[in-house]
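Notes to accompany the following structure.
The values are calculated or read from the model by the stated rules, or taken from the named source; none is laboratory data. It should be emphasised that the depicted structure is a prediction, and the values quoted were computed from it without experimental measurement. Note that we place each Cβ from the backbone using ideal geometry, even for glycine, and neighbour counts take in every protein chain shown. Keep in mind that these areas ignore ligands, DNA and RNA; they rest on the heavy atoms of the full protein, side chains included. Shrake-Rupley method; radii C 1.70, N 1.55, O 1.52, S 1.80 Å.
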Amino acid sequence: MTVVAEPGARRGHRHAARAAWEEEPGPLGKAAKAVLVTAIVLAVLFPLYVVVLTSLSPQEAITRAGGLVLVPDGFSLAAYQEILSGGVVTRSVLVSTGVTLVGTLFSTTLTILAAYGLSRRDSYAHRPLLFLVLLTFLFGPGLIPTYLTVQAFGLLDSYASLILPTAVAAFNLIVLRSFFMNIPQEIMDSARIDGASEFRILGTIVLPLSKAVTAVIALFYGVGYWNAFFNAFLFLDDNRKWPLQLILRTYVLEGIPIPGAGPTDTVAGGPVPTLAVKMAVVVIAVLPVLLVYPFVQKHFTKGVIIGAVKG
Amino acid sequence: MDTDTTATRAPGAEAERSGAPGPGPSPSPRERRRVDRRRRLRRDWPLLLMTAPAILVLGAFHYLPLLGNVIAFQDYSPFVGILNSPFVGFDNFQRLFGDPAFWNATLNTLYITAFQLLFYFPVPILLALLVNSLLSARVRLFIQSVVYLPHFFSWVLVITLFQQMLGGAGALNSFLRQQGLTPIDVMTNPDTFVLLVTAEGIWKDAGWGMIIFLAALSTVNQNLYEAAAVDGAGRWRRMWHVTLPALVPVIVLLLIMRLGDALSVGFEQFLLQRGAVGADASEVLDTYVYYEGVVNGDFAYAGAAGLFKGVVGLLLVLGANKVAHLLGEEGVYSRR
């Protein structure tokens, strides 16, 4: 694995000074750059700001604004109370949380084990097995055969169908394996001579040395499971098993009422979501990502991921 | 592995040349390799045990479905099953190639790929050059953190945000209405759909795509810039003659990967907007396969479409990589 220097740290600890030979840009160039950078940052952050603000606004403020609230105008948690007090959205949050926790644990465990199992250059049959892993990059099995396979295993409409088909990401496996291979072999050899089993070496030597990369891979799996839409869309008919992303699509994007979506569910079709409720669902869908983002970000800038593909 | 086998082969070959396995303790080379293999198996079985679960998952959900592609050559019926459905040769493909809806999906896919190559592909490069030109490390890190973020959002979320900003009841159109202007139709207009998906793609992933270019930029020898400046090269000439050459290998690599993926433009993004925009503009190969197969239940036919896409995609990857080798670039994989 080629470890790439942190992209942001090109000039190291030197102060933000221009090199002597570098000409000062004109005022117009400087202004253009500032405007451009501000516009880019706003393009990302503005929608998030509006969504969060609207979800926290009372209904009167939304009516006054005629839609999304751009300027703070009152504060209300009513939307969150409505969706989190039982009902379809609450259930989908629980489903997504459960699938994310179990899936991440499962995927990370399998990936660590296989990455270590394939990390010794001279081990038995590691070449054909590695080839099997790498080949998955080149040719996907296709949607229809995958659907039929899941169906044949009797996994349609099961939570397992949200985890098993995409449990092992070859990319993560290869990244982790490259990392393991860079750990000095002498440490492991001496443990082997002392009679340590492979499982013990993995647990007491290799893993403690690879905490950061393992954490990043777990977080990547976690974000993947939380965001997963495809498997649930394809394999789940029963909307009581839907994860949050499917609720987000039906309830918020398409605005279709779902039976049992709110506590006030007396109408046959369920309540039509108000704008504040919609935005609250969006916020709940982004929140976990925003929470783990600083941890992921801290590590991927260090080039843990880049360059490992060719390892 | 290599060292082991060559080590055993060398003395073995000698023994072979000197005649049959002598009376000594040295067994025939083949036998010795077998013994060696058995020894390694005895030593390495814990490693194999560790690898097994992941390989099982890949086997069950990647390689088994891969075999399932035979339904493309069958008159498949779910009630009869894969094993007993009759083979019909290339009938499904014949029907596929005569279907205007299939060609519509293929053309849409290629059109979107071409459009994105022109208008999406350069964005991360420009973004990286912009960020790299910022002097303050703190500002640079802040911008990186901000623009990487949307990569970690799901497509449902991204499209919901776009709908809230640009949709019929969204922020842009309520603003236009308040100003007494005519609202513009962005989210449901088939004619501008390609612009919309490209904008969504840029918003979500252009920042993330920048990482690899920033990494390449960080490897440029700073003395080259100084030398060029001393030789009288201005800002733009330095960018052309020093910066860009450093980016070329990465650009070629990503270009190959994108070309190899010419037939996939993403599934969720299109599926989610197909209802609003209509199939004419938004049907791509992946959604076509989904609707024909899972929705209409025509599994064999959709399987044929999927297999066609897979095989052509594979050929494109191999072809693009070949071209890269001819150009003297390393490509996605090399023949080491």
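Key figures for this structure:
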quantity	calculated
Unmet criterion (only one of (1) β-branched (Val, Ile, Thr); (2) touching a Phe, Trp or Tyr at 6+ places or on another chain (Cβ under 8 Å); (3) more than 12 Å from every other protein chain (Cβ to nearest Cβ)) for B:ILE256	(2)
Unmet criterion (only one of (1) farther than 17 Å from A:PHE179 by Cα; (2) away from chain B (no Cβ under 11 Å)) for A:ALA215	(1)
Filtered residues of the range A:241-270 (kept if at pLDDT 85 or above and over 24 Å from B:GLY168 (Cα atoms))	A:LYS241, A:TRP242, A:PRO243, A:LEU244
Single condition B:VAL57 does not satisfy, out of (1) under 30 Å from B:ALA262 (Cβ atoms); (2) facing another protein chain (nearest Cβ under 7 Å); (3) in contact with a Ser or Thr (Cβ under 8 Å, 6 or more places away or on another chain)	(3)
Among the residues listed as B:VAL252, B:VAL284, the single one being open to solvent by less than 40 Å² (accessible area, probe 1.4 Å) and either in contact with a strand residue (DSSP E or B) (Cβ under 9 Å, 6 or more places away or on another chain) or more than 30 Å from B:ARG95 (Cα to Cα) (or both)	B:VAL252
Which listed residue is more than 11 Å from chain A (Cβ to nearest Cβ), of a type outside the set (S, T, N, Q) and within 29 Å of B:ASN189 (Cβ to Cβ), from B:VAL284, B:VAL289, B:VAL294, B:VAL312	B:VAL284
Entirely in the range B:227-336, the helices (runs of 4 or more DSSP H) that have 2 or more residues that are over 30 Å from A:GLU24 (Cα atoms)	B:244-260, B:268-277, B:279-282, B:285-290, B:299-326
Residue count, the range B:168-180 (criterion: among the aliphatic types (A, V, I, L, M), more than 7 Å from chain A (Cβ to nearest Cβ) and open to solvent by 50 Å² or more (accessible area, probe 1.4 Å))	1
Hits in the range A:39-49 - residues which are open to solvent by 60 Å² or more (accessible area, probe 1.4 Å) and more than 7 Å from chain B (Cβ to nearest Cβ)	A:LEU42, A:PHE46, A:TYR49
Candidate set: the range B:57-87, residues that are surrounded by 16 or more Cβ atoms within 10 Å (Cβ to Cβ) and not in a helix (DSSP H, G or I); chosen: the one modelled with the lowest pLDDT	B:ILE82
Any hit, the range A:25-38, residues being in a loop (DSSP other than H, G, I, E, B), at pLDDT below 95 and loosely packed, with under 14 Cβ neighbours inside 10 Å	yes
Cβ pairs under 8 Å, 6+ apart, first in the range A:202-215 and closer than 21 Å to A:PHE171 by Cβ, second in a helix (DSSP H, G or I) and open to solvent by 40 Å² or more (accessible area, probe 1.4 Å)	A:SER210/A:PHE179; A:VAL213/A:PHE179; A:THR214/A:LEU207; A:ALA215/A:PHE295
Residue match in the range A:154-163 (condition: among the charged types (D, E, K, R) and outside any helix (DSSP H, G or I))	yes
Candidates A:LEU118, A:LEU105, filtered to the one that is under 30 Å from A:ILE183 (Cβ atoms) and either over 24 Å from the mean Cα position of the chain (by Cα) or modelled with pLDDT under 90 (or both)	A:LEU118
